[in-house]
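Participant: Structure incoming, see below.
The values are calculated or read from the model by the stated rules, or taken from the named source; none is laboratory data. The model shown is predicted, which means the values in this text are computed figures rather than measured ones. With ideal geometry, Cβ positions are generated from the backbone for all residues, glycine too; neighbour counts draw on all protein chains shown.
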Amino acid sequence: MHISTATTVRFHAAPVDYRERLSPSLWALLSAALAAPMVALVFVPLDATVALIAGLGAAAALIVALVASAPIVAVRGGELRVGPAHIPVALLDDPMALTGEEARDARGPGLHRDAWHLLRPGIGGIVQVGIRDDRDPASQWVFSSRTPDRVVSAIRRAQRSSSGR
């Protein structure tokens, strides 16, 4: 066994198996852009140039705020992160990717009352994964994804690598 006496220590970030920003839909961004003419109308009595600048600034600020506050789904370092929540993949059951009618049912009448969920409008895919932790009040996680099959693959890869298979 070799013990290094070097004083510099390098930390490497865990490789990201999957990362997706659940950004707002095009319709939500277009709706935010409609703030420009509304704000501009308020400032027209002062000056047309001020109205134009205020309207464009308000619309740009709303669009930036919507995109910046969008949650992120990531599988990294043996952990699943969905928005502010995170859980080790070792505590997860086999995940399921749902699309179409199955996804609609999972986000509506099929949503368990004790499930933790992060659902975004305009994103059709759903990932559903059970929790194997008795101390966790949530029985499963249900969250939106534009590519649920890729999230499921990343979770399964992380589970295999964390179990040593």
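Participant: Q128 versus (1) surrounded by fewer than 19 Cβ atoms within 10 Å (Cβ to Cβ); (2) closer than 30 Å to W27 by Cα; (3) polar (S, T, N, Q): which is the lone unmet condition?
Facilitator: The failed condition is (1).
Participant: Is it the case, given these coordinates, that I72 is within 18 Å of V152 (Cα to Cα), of a type in the set (A, V, I, L, M), surrounded by 14 or more Cβ atoms within 10 Å (Cβ to Cβ) and in contact with a strand residue (DSSP E or B) (Cβ under 7 Å, 6 or more places away or on another chain)? Spell out how you get there, then give the answer.
Facilitator: Working: within 18 Å of V152 (Cα to Cα): yes; of a type in the set (A, V, I, L, M): yes; surrounded by 14 or more Cβ atoms within 10 Å (Cβ to Cβ): no; in contact with a strand residue (DSSP E or B) (Cβ under 7 Å, 6 or more places away or on another chain): yes.
It is false that I72 is within 18 Å of V152 (Cα to Cα), of a type in the set (A, V, I, L, M), surrounded by 14 or more Cβ atoms within 10 Å (Cβ to Cβ) and in contact with a strand residue (DSSP E or B) (Cβ under 7 Å, 6 or more places away or on another chain).
Participant: If the Cβ limit is 9 Å and pairs must be 6+ apart or interchain, which residue in the range 63-74 that is under 9 Å from E20 (Cα atoms) pairs with which residue that is part of a loop (DSSP other than H, G, I, E, B)?
Facilitator: P71/L22; P71/G83; P71/P84; P71/R120; I72/L22; I72/G83; V73/L22; V73/G83
Participant: Out of A85, A61, A51, report the one residue that is at negative phi and buried (at least 17 other Cβ atoms within 10 Å of the Cβ).
Facilitator: Details: A85 fails: buried (at least 17 other Cβ atoms within 10 Å of the Cβ); A61 fails: buried (at least 17 other Cβ atoms within 10 Å of the Cβ).
Exactly one of A85, A61, A51 is at negative phi and buried (at least 17 other Cβ atoms within 10 Å of the Cβ), namely A51.
Participant: Within the range 128-139, does at least one residue satisfy the condition of being charged (D, E, K, R) and in a strand (DSSP E or B)? Even if it seems obvious, please write down each step before you answer.
Facilitator: The first filter runs over the range 128-139 and keeps only residues charged (D, E, K, R), leaving 132-136.
After this cut, where a residue has to be in a strand (DSSP E or B) as well, the list is none.
No.
Participant: Something else: Going by what's in this entry, would P24 be described as in a loop (DSSP other than H, G, I, E, B), touching a helix residue (DSSP H, G or I) at 6+ places or on another chain (Cβ under 7 Å) and modelled with pLDDT of 90 or more?
Facilitator: On the way: in a loop (DSSP other than H, G, I, E, B): yes; touching a helix residue (DSSP H, G or I) at 6+ places or on another chain (Cβ under 7 Å): yes; modelled with pLDDT of 90 or more: yes.
Yes; evaluated as a whole, the condition is true for this residue.
Participant: Going by the conditions given, is A51 more than 11 Å from the chain's Cα centre (by Cα), outside the structural domain of R132 (by TED's automatic domain parsing) and not hydroxyl-bearing (S, T, Y)?
Facilitator: Details: more than 11 Å from the chain's Cα centre (by Cα): yes; outside the structural domain of R132 (by TED's automatic domain parsing): yes; not hydroxyl-bearing (S, T, Y): yes.
Yes.
Participant: Within the range 82-129, track down each residue that is farther than 10 Å from V142 by Cβ and among the basic types (K, R).
Facilitator: R104, R113, R120
Participant: To continue, here is another question. Take the range 89-130 and flag every residue that is touching an Asp or Glu at 6+ places or on another chain (Cβ under 9 Å), over 18 Å from R150 (Cα atoms) and not aromatic (F, W, Y).
Facilitator: Within the range 89-130, L91, G110, L111 meet the criteria.
Participant: Among A97, A90, A103, which is the only one that is touching a residue at least 12 places away in the same chain (Cβ under 8 Å), out of contact with any strand residue (DSSP E or B) (no Cβ under 7 Å at 6 or more places or on another chain), surrounded by 13 or more Cβ atoms within 10 Å (Cβ to Cβ) and not in a loop (DSSP other than H, G, I, E, B)? Reasoning before the result, please.
Facilitator: Numbers: A97 fails: out of contact with any strand residue (DSSP E or B) (no Cβ under 7 Å at 6 or more places or on another chain); A103 fails: out of contact with any strand residue (DSSP E or B) (no Cβ under 7 Å at 6 or more places or on another chain).
Testing whether each residue is touching a residue at least 12 places away in the same chain (Cβ under 8 Å), out of contact with any strand residue (DSSP E or B) (no Cβ under 7 Å at 6 or more places or on another chain), surrounded by 13 or more Cβ atoms within 10 Å (Cβ to Cβ) and not in a loop (DSSP other than H, G, I, E, B) leaves just A90.
Participant: Answer yes or no: is there a residue in the range 76-87 that is within 18 Å of S25 (Cβ to Cβ), assigned to a loop (DSSP other than H, G, I, E, B) and not acidic (D, E). Spell out how you get there, then give the answer.
Facilitator: Taking the range 76-87 and keeping what is within 18 Å of S25 (Cβ to Cβ), we get 83.
From what's left, assigned to a loop (DSSP other than H, G, I, E, B): 83.
Subsequent filtering for residues that are not acidic (D, E) retains 83.
Yes.
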